[in-house]
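S.K.: One structure is given below, represented as structure tokens, and several questions about it will come after.
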Amino acid sequence: MNILAIETTCDETAIAILKSDSKRGAKIISNIVSSQIKIHAPFGGVVPSLAKREHQKNLIPILELSLKNTGLISELKTKEKNIISSSQIKKIENILKRDGELKEKTIEFIKKYKKPKIDLLSIAYGPGLEPSLWTGINLVRALSYFWNIPIEKVNHLEAHILANWLPPNNLPKKSDFPIVALLVSGGHTQLILIKEIGKYRIIGETRDDAAGECFDKTARLLGLGYPGGPAISKEAEKWMAKISEKNIESNIKLPRPMMRDKSFDFSFSGLKTATLYLIEKLKKDGVRFSPSKIREIANEIQSAIIDVLVYKTIKAAGKYKAKKILLAGGVAANKKLRDKMKEYIKNNLPNVKFNYPEIKYSTDNGAMIAIATYFHQKYNYPQSATWQRLRANGNLRLSNLR
Ligand code: KG4
Ligand code: ZN
């Protein structure tokens, strides 16, 4: 079975192909991510209308590359072209009527090629930015209509979690459950209890900003680049290297919001405000914002975020008797978070296993949508959709899918 998976929930245009058969299992045979970071960086965050325009521009070239590189598509001979009826064209134009150049590109593409060897189209239908979501969704609807290939819809958050099993290997074992997953992305910070694949319960979440958002906003306050997570962590690493050489103590202190609170919820907006006040106070005191001072503050921001994330995850894993802890989402790419979580698990819950996705599978990608689709089939909880009815859901929540 060949699954073609598309991800356009935010600012990465990504397509992956997963091939599976009963003998050899599953394999990602293509995984292309086109990042829009350069386009959004000057604005210090994702601009939805620009994200949509980039998806419209890039989807077909990436689709063409994915299918050609894997040999799953071949061109029609000149005399076979134009076998599309005008009513089919009209329908496709209607599906893609709000999608600018994607409409022309899609029609050109399907005129040029034979039906590809794809058995299932899959798409992240939420949560995310609605303009971005709709672009990928409308392309999938048009392709499903024209090629008559079924659609599987995927919750982007489930996909982030299942990226822990990429590239498909070491499939989940009964003895791994229950699992506690810390899902930390640009839009979400949640602790999720997983009884088995497909059964998800949110046991705690942020009451305001997400952890990734806090990295992004505080990075902006420090004049660091976008996205803020990697920028802050790079500066923090430089600070750590300096203090390990020179034995310096920092007197910069930021709060650890809700760390001692009984619930498993988080709150990160106060940390952003505290950083703002800290910067203002230092300025008033005449402190020079040298690169070293910025690194020192970046390090404290990173430590504050990570301390809370690690402390609450360990507490949740203890309470729910987790056998395994997972990290998921863009912030899971943070090395300090991975290292600190590993250390705390070793010291506090030595029998609990720990896993996080490879960096390229932590931030948004198509392979995670593909493996979620594969798991839906393998563990028997398909989430089918039709091209007529599929809709974006920007606020989609993670819940039991079986
Ligand atoms: O999962 P993701 O790629 O997109 C969403 O679904 O939101 O997560 C993006 C977030 C951004 O806020 C970014 O700053 C953060 O992940 N991020 C990091 C790192 N790499 C990406 N945060 C901390 N450390 C990193 N190395
Ligand atoms: Zn994401």
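The values are calculated or read from the model by the stated rules, or taken from the named source; none is laboratory data. Everything numeric here is computed off the predicted structure, so don't read it as measured data. Quick reminder, even Gly has a Cβ in these numbers, built from the backbone with ideal geometry, and neighbours come from all protein chains shown. Surface areas here come from the heavy atoms of the whole protein model, side chains and all, with no ligands, DNA or RNA. Shrake-Rupley method; radii C 1.70, N 1.55, O 1.52, S 1.80 Å.
S.K.: In Å², and per residue, what accessible area does the range 252-402 have when probed at 1.4 Å with the other protein chains present? It would help to have the intermediate numbers written out before the result.
M.R.: Values: 7220 Å² over 151 residues.
Accessible area per residue: 48 Å².
S.K.: With all protein chains present and a 1.4 Å probe, how do 134, 165 order by accessible area, largest first? If you can, show how the numbers build up before the last one.
M.R.: Numbers: 134 65, 165 10 Å².
Heavy-atom accessible area, descending, gives 134, 165.
S.K.: Got a sec? What order do 352, 308, 287 fall in by accessible area at 1.4 Å, biggest, i.e. largest, first? Don't jump to the answer; show the numbers that get you there.
M.R.: On the way: 352 25, 308 0, 287 50 Å².
If we order 352, 308, 287 from most to least accessible, we get 287, 352, 308.
S.K.: Going by amide H atoms built from the backbone, whose H comes under 5 Å of the H on residue 266, apart from near neighbours?
M.R.: Close amide H contacts, sequence-distant or interchain: 205, 206, 207.
S.K.: Could you give the accessible area per residue of the range 139-193, probe 1.4 Å, as a whole number in Å²? Display every interim value, and only then the final one.
M.R.: On the way: 1440 Å² over 55 residues.
So the range 139-193 comes to 26 Å² accessible per residue, rounded to a whole number.
S.K.: Which of 178, 154, 166 sits closest to the plus end of the dipole of the range 136-202, meaning its Cα is farthest towards the positive end, when Lys and Arg get +1 and Asp and Glu get -1 on the C-beta?
M.R.: 178
S.K.: What does the charge dipole of the chain about its Cα centre add up to, to the nearest 20 debye, if the Cβ of each Lys and Arg holds +1 and the Cβ of each Asp and Glu holds -1?
M.R.: Details: 67 positive and 39 negative charges, 163 e Å.
Taking the Cα centre of the chain as origin, the dipole is about 780 debye.
S.K.: Tell me the label-point distance for the pair residue 251, residue 94, using the 7 Å Cα-to-Cβ offset, in nm and rounded to one decimal.
M.R.: 7.2
S.K.: Also: Based on Cβ point charges of +1 for Lys and Arg and -1 for Asp and Glu, what charge dipole magnitude is obtained for the range 350-402 about its Cα centre, in debye rounded to the nearest 20? Show your work: numbers first, answer last.
M.R.: Working: 7 positive and 2 negative charges, 44 e Å.
Once rounded to the nearest 20, the dipole reads 220 debye.
S.K.: Give the residue from 228, 198, 248 lying farthest towards the positive end of the charge dipole for the range 185-287; charges sit on Cβ (+1 for Lys and Arg, -1 for Asp and Glu) and the dipole is referred to the Cα centre.
M.R.: 248
S.K.: At 1.4 Å probe size, with the rest of the protein present, what percent of the exposed accessible area of the range 234-331 is carbon and sulfur atoms? List each step's numbers first, then the result.
M.R.: Details: 2640 of 4990 Å².
Taking all protein chains in place, the range 234-331 shows 53 percent carbon and sulfur surface.
S.K.: Given a cut-off of under 8 Å on Cα pairs at least six residues apart, what relative contact order in percent is computed for the range 313-402? Walk me through the intermediate numbers first.
M.R.: Numbers: 57 pairs, mean separation 24.6, N = 90.
RCO, the range 313-402: 27 percent.
S.K.: How much of the accessible area of the range 1-105, probe 1.4 Å, is carbon plus sulfur, in whole percent?
M.R.: Values: 2800 of 5420 Å².
Carbon and sulfur atoms account for 52 percent of the accessible area of the range 1-105.
S.K.: Okay, next question. Tell me, what is the 1.4 Å probe accessible area of residue 102, in Å² to the nearest 10?
M.R.: My reading of the accessible area for residue 102 is about 0 Å².
S.K.: Using the structure shown, select from 23/195; 112/378; 77/360; 153/238; 52/77 the pairs with a Cα to Cα distance greater than 31 angstrom.
M.R.: Details: 23/195 28 Å; 112/378 34 Å; 77/360 38 Å; 153/238 42 Å; 52/77 33 Å.
Violating the 31 Å limit, Cα to Cα: 112/378; 77/360; 153/238; 52/77.
S.K.: Additional query: Give me the distance between the Cα centres of the range 80-126 and the range 265-280, rounded to whole Å.
M.R.: If you average the Cα positions of each part, the centres end up 47 Å apart.
S.K.: Still on this model: Please build a GNM for the chain, connecting alpha carbons under 10 Å apart, and tell me which residue among 326, 76, 224 fluctuates the most.
M.R.: Of 326, 76, 224, the Gaussian network model singles out 76 as fluctuating most.
S.K.: Would you mind listing how long the range 232-271 runs along its three principal axes, going by Cα atoms, in whole Å with the largest first?
M.R.: Reported extents, whole Å, longest axis first: 39, 19, 15.
S.K.: Next up: From the C-alpha coordinates alone, can you work out the Kirkwood hydrodynamic radius of the range 247-402, in Å? Spell out each step's value before the answer.
M.R.: Working: mean 1/r = 0.0527 Å⁻¹.
Every distinct Cα pair counted, the radius reaches 19.0 Å.
S.K.: Using helices alone, what [θ] at 222 nm do you get for the chain, with -39,500 (n - 2.57) per DSSP H run of 4 or more residues, divided over all residues and rounded to the nearest 500?
M.R.: On the way: 13 runs with 179 residues, N = 402.
Value at 222 nm, helices only, nearest 500: -14500 deg cm²/dmol.
S.K.: For the range 307-323, take each phi angle, set θ = phi - 60°, evaluate the Karplus expression 6.51 cos²θ - 1.76 cosθ + 1.60, and give the result in whole Hz per residue in order, putting x for glycine and proline.
M.R.: Once θ is set to phi - 60°, the couplings for the range 307-323 become 4, 5, 4, 5, 4, 6, 5, 5, 5, 5, 4, x, 4, 8, 6, 5, 8 Hz.
S.K.: Okay, next question. Ordering 386, 135 from largest to smallest accessible area (1.4 angstrom probe), what's the sequence?
M.R.: Numbers: 386 60, 135 0 Å².
Sorted descending by solvent-accessible area, the residues read 386, 135.
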